[in-house]
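Worksheet: the structure to be examined is printed underneath.
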Amino acid sequence: MSTVGNRLGRSFADAGARWVFGLPGGETLDLMEAFRQEGLQFILTRHESAAAIMAGVVGELTGVAGLCLSTLGPGATNMVTGVAQAYLDRSPLIAMSAQIPVGRQAILTHQMLDLEAMYRPVTKWTASVNAANVGRVALKALASTGEWPAGPVHLSIPSDVPRQEALGEPVPFPARAAAPLRASAFGDMSAVRKLLSDAARPAMVVGLSAMRAGGGPAALRLAEWLGCPVYDLPKAKGVFPEDHPQFVGTLEMAGTRILFGQLATADLIVAFGVDPVEYDHWWDFPGQVVTFDLAPNLGQFTPSQADVVGPFAAAVAATVGDSAPRAPADCASLRAQLAEAVESSSRQLTARQVIEALRADLPDQAILTTDTGAHKMAAGQVWHTRQPFTYFLSNGLSTMGFAIPAAIAARLARPETPVAAITGDGGFMMTVGEIETAARLGIHLLIVVLVDGSLGSIRLNQARRAYPEQGVRFGAVDHASMARAVGAQAWDATSLRELELALAEATRAPGPAVIAAHIDGDAYRS
């Protein structure tokens, strides 16, 4: 007999899933055992939201939906933030929560919530699993998470269902081998080519869907054909190499006012795989716009004069044809404007110094995860990313508490790749328990805590509005001692020299290593 739990686990394992992140409850034990029997490893986390963040990052790195599991009631409510993070950051994820048996749902009130209604606004699809639908539900869940825009699916699983016999035959998950769209399918591209060629001051913005669809080589080819300045968005960092002479900077991070001013002078902007979910500013550039993307531009956010829809490589090949490239623009002055705008100085250690030291210490292929806060804005501009899928942040939802769980997931998915996390003292305290998760799993990763005793970005916003400070200062915390208490080696650093010494030791640590870098929070003002 194949149970519902076994059928579900087998479907996920056949699709390539390896881990299930979460916290157990009595209502999930049958499902967890079935998953174990099907070869899925359950990884105990300290919070359900962290479990969902880990699953989402695994989904991004592997291309197979990450899995997370909670019990009913408070376990399911805790998981919502991590699922919403996946929803707005386009991460393939299947979130499962236990539920009261169907026959009792109309009567019992203890821990009874309408989970499908709760998850519907932050998922692509939600369903309740039963013995008759388990095969089709698993197939639809796996397929839905990967269809662009990628995102999470939620499955509610009544606690008596996993041990029931699954009805019908298993539904195999099909191999993803869609035939590539040939350039000729784009038809006559002369009008688009002329629009691009006639632009006197073109610019290019590379975004999230180009990253996820492997559009890097196509973006590079089009940019070099146009010879134009190139900007990226935070979750696309690395899809266009940031050490390329035509690259200028990352929008929506530190210094973005300068970059938006530069884009305002362009007479044409190529929006290459741009997802508006990353924008905090309105798109109000006066230049014409040509979009390249996997789906038609509906125009609500980015009005465009022409849209090229389809696989990026074929779209660019059809556009460029055999025409000669123009001479590359001199982008050095644009980069200099940005560098001057984000320069910070202080007699104390600064976030910028920490980020630059970490970048110098790690190889190009190293993965960095950043939390949300003032340091995210600095890292997004200062950390030069040269390869795709090596920079992770929460930007669509911008949730605090992202960096440490994300780093654990990245290390699991790519065990041979160095992984580092940068977090503020606020995000650290939200997820310090997950360092024990890393220690228990024997995972080596480097965590840098930027300590300024405050919620830096909120404090600076209060100052800009001439408001008195309130609700933004923390009490004294010994972050290094806390890290040691949950299984990490830890160091304090109050100067660049101390930071360099700590980095040298931390990179050799066998498990999680934490550096509490005590910085001047006022240096963020620039």
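The values are calculated or read from the model by the stated rules, or taken from the named source; none is laboratory data. Values in this document were obtained by computation on a predicted structure and should not be read as measured data. Neighbour counts run over all protein chains shown; Cβ positions are idealised from the backbone, glycine included.
Could you pull out the residue among Val239, Val248, Val274, Val206 that is farther than 24 Å from Ala339 by Cβ, among the hydrophobic types (A, V, I, L, M, F, W, C), surrounded by 21 or more Cβ atoms within 10 Å (Cβ to Cβ) and touching a residue at least 60 places away in the same chain (Cβ under 8 Å)? Quick ask: steps written out before the conclusion?
Details: Val239 fails: farther than 24 Å from Ala339 by Cβ; Val248 fails: farther than 24 Å from Ala339 by Cβ; Val206 fails: farther than 24 Å from Ala339 by Cβ.
None of the others qualify; the one that does is Val274.
What residue, among those in the range 347-362 that are crowded, with 16+ Cβ neighbours inside 10 Å and among the small types (Gly, Ala, Ser), is modelled with the highest pLDDT?
The residue in question is Ala357.
Please find, among Ala219, Ala203, the residue that is more than 28 Å from Ala406 (Cα to Cα) and either outside any loop (DSSP other than H, G, I, E, B) or touching a Lys or Arg at 6+ places or on another chain (Cβ under 9 Å) (or both).
Numbers: Ala219 fails: more than 28 Å from Ala406 (Cα to Cα).
Going through Ala219, Ala203 in turn, the sole match is Ala203.
Okay, residues lined up against (1) over 27 Å from Gly168 (Cβ atoms); (2) surrounded by fewer than 24 Cβ atoms within 10 Å (Cβ to Cβ):
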{"residue": "Ala13", "(1), (2)": "no, yes"}
{"residue": "Leu23", "(1), (2)": "yes, yes"}
{"residue": "Thr28", "(1), (2)": "no, no"}
{"residue": "Arg36", "(1), (2)": "no, yes"}
{"residue": "Gly63", "(1), (2)": "yes, yes"}
{"residue": "Gly73", "(1), (2)": "yes, yes"}
{"residue": "Met79", "(1), (2)": "yes, no"}
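Contact list please: Cβ distance under 6 Å, first residue in the range 68-93 and free of Cβ contacts under 8 Å to residues at least 40 places away in the same chain, second residue surrounded by fewer than 24 Cβ atoms within 10 Å (Cβ to Cβ) and among the acidic types (Asp, Glu), pairs at least six apart or on different chains.
Filtered contacts from the range 68-93: no entries.
So, in the range 254-291, exactly how many residues are touching a strand residue (DSSP E or B) at 6+ places or on another chain (Cβ under 9 Å) and within 24 Å of Thr385 (Cα to Cα)? Lay out the reasoning, then the answer.
Just the residues of the range 254-291 that are touching a strand residue (DSSP E or B) at 6+ places or on another chain (Cβ under 9 Å), to begin with: 255-256, 258-259, 262-263, 265-275, 283, 285, 287-291.
In the following step, the residues that additionally are within 24 Å of Thr385 (Cα to Cα) were identified as 255-256, 258-259, 262-263, 269-275, 291.
Number satisfying all stated conditions: 14.
Pro303 versus (1) assigned to a strand (DSSP E or B); (2) farther than 14 Å from Gly207 by Cβ: which is the lone unmet condition?
The failed condition is (1).
Considering every residue within the range 254-273, establish whether at least one is within 20 Å of Pro311 (Cα to Cα) and part of a loop (DSSP other than H, G, I, E, B). Steps first, please.
Step one: filter the range 254-273 for residues within 20 Å of Pro311 (Cα to Cα), giving 269-273.
Of the ones still in play, those that are also part of a loop (DSSP other than H, G, I, E, B) are 273.
Looking for residues that are within 20 Å of Pro311 (Cα to Cα) and part of a loop (DSSP other than H, G, I, E, B), one finds at least one in the range 254-273, hence yes.
Here are some conditions: (1) closer than 30 Å to Ala341 by Cα; (2) surrounded by fewer than 17 Cβ atoms within 10 Å (Cβ to Cβ); (3) over 23 Å from the mean Cα position of the chain (by Cα). Ala329 meets all but one. Which one does it not meet?
Answer for Ala329: the failing condition is (2).
Residue by residue through the range 268-288, note down the ones that are at pLDDT 95 or above and over 28 Å from the mean Cα position of the chain (by Cα).
The answer is Leu268, and nothing else.
Inspect all residues belonging to the range 391-398 and state whether any of them is free of Cβ contacts under 8 Å to residues at least 60 places away in the same chain and over 24 Å from Pro152 (Cβ atoms).
Residues of the range 391-398 that are free of Cβ contacts under 8 Å to residues at least 60 places away in the same chain, as a first pass: 398.
From the residues that got through so far, the ones that are over 24 Å from Pro152 (Cβ atoms) too are none.
Scanning the range 391-398, I find no residue that is free of Cβ contacts under 8 Å to residues at least 60 places away in the same chain and over 24 Å from Pro152 (Cβ atoms), so the answer is no.
List pairs: first residue in the range 498-526 and assigned by TED's automatic domain parsing to the domain that holds Ala366 and surrounded by fewer than 16 Cβ atoms within 10 Å (Cβ to Cβ), second residue modelled with pLDDT of 90 or more and acidic (Asp, Glu) anywhere in the structure, Cβ distance under 9 angstrom, at least six positions apart or on different chains.
Glu500/Asp361; Ala504/Asp361; Thr507/Asp361
Any chance the range 312-323 includes a residue that's outside the structural domain of Ser209 (by TED's automatic domain parsing) and under 30 Å from Arg411 (Cα atoms)? If you could, list the steps in order and put the result at the bottom.
Here is the first cut: in the range 312-323, the residues outside the structural domain of Ser209 (by TED's automatic domain parsing) are none.
So far as the range 312-323 goes, no, none of its residues is outside the structural domain of Ser209 (by TED's automatic domain parsing) and under 30 Å from Arg411 (Cα atoms).
Specify which of the listed residues (Phe21, Phe42) is more than 22 Å from Gln111 (Cα to Cα), part of a strand (DSSP E or B), of a type in the set (Phe, Trp, Tyr) and at pLDDT 95 or above.
Numbers: Phe21 fails: more than 22 Å from Gln111 (Cα to Cα).
Matching residue, one of Phe21, Phe42: Phe42.
Checking the condition closer than 22 Å to Arg193 by Cβ and not charged (D, E, K, R), which residue from Ala236, Ala223, Ala254 passes?
Details: Ala236 fails: closer than 22 Å to Arg193 by Cβ; Ala254 fails: closer than 22 Å to Arg193 by Cβ.
It is Ala223.
I'd like the residue in the range 433-450 that is over 19 Å from the mean Cα position of the chain (by Cα) and surrounded by 23 or more Cβ atoms within 10 Å (Cβ to Cβ) and, out of all such residues, is farthest from Ala502 (Cα to Cα). It would help to see each step written out before you state the result.
We begin by selecting, within the range 433-450, every residue over 19 Å from the mean Cα position of the chain (by Cα); these are 433, 435-444, 449-450.
Among the residues that remain, those that are also surrounded by 23 or more Cβ atoms within 10 Å (Cβ to Cβ) are: 435, 437-438, 449-450.
On the way: Ile435: 18, Thr437: 22, Ala438: 20, Val449: 13, Leu450: 14 Å.
The qualifying residue farthest from Ala502 (Cα to Cα) is Thr437.
When you look at Ile258, is it of a type in the set (Val, Ile, Thr), assigned by TED's automatic domain parsing to the domain that holds Cys331 and under 15 Å from Thr302 (Cα atoms), yes or no?
Numbers: of a type in the set (Val, Ile, Thr): yes; assigned by TED's automatic domain parsing to the domain that holds Cys331: yes; under 15 Å from Thr302 (Cα atoms): no.
Considered against the rule, which asks whether it is of a type in the set (Val, Ile, Thr), assigned by TED's automatic domain parsing to the domain that holds Cys331 and under 15 Å from Thr302 (Cα atoms), Ile258 comes out as no.
Might you check whether a residue that is within 22 Å of Asp361 (Cβ to Cβ) and either out of contact with any Ser or Thr (no Cβ under 6 Å at 6 or more places or on another chain) or modelled with pLDDT of 95 or more (or both) occurs anywhere in the range 466-482? Spell out the reasoning first.
To start, the set of residues in the range 466-482 that are within 22 Å of Asp361 (Cβ to Cβ) comprises 479-480.
In the following step, the residues that additionally are either out of contact with any Ser or Thr (no Cβ under 6 Å at 6 or more places or on another chain) or modelled with pLDDT of 95 or more (or both) were identified as 479-480.
Yes.
Out of all the residues in the range 3-48, which are in contact with a strand residue (DSSP E or B) (Cβ under 9 Å, 6 or more places away or on another chain), of a type in the set (Gly, Ala, Ser) and in contact (Cβ under 8 Å) with a residue 40 or more places away in the chain?
Gly5, Ala17, Gly22, Gly25, Gly26, Ala34
Just to verify a result, which residue in the range 280-300, among those that are in contact (Cβ under 8 Å) with a residue 40 or more places away in the chain and assigned to a loop (DSSP other than H, G, I, E, B), is nearest to Leu222 (Cα to Cα)?
Restricting attention to the range 280-300, the residues satisfying the condition of being in contact (Cβ under 8 Å) with a residue 40 or more places away in the chain are 287-288, 290, 292-295.
This time we only want the ones that are assigned to a loop (DSSP other than H, G, I, E, B), so: 287, 294-295.
On the way: Gly287: 18, Leu294: 16, Ala295: 19 Å.
Here the residue is Leu294.
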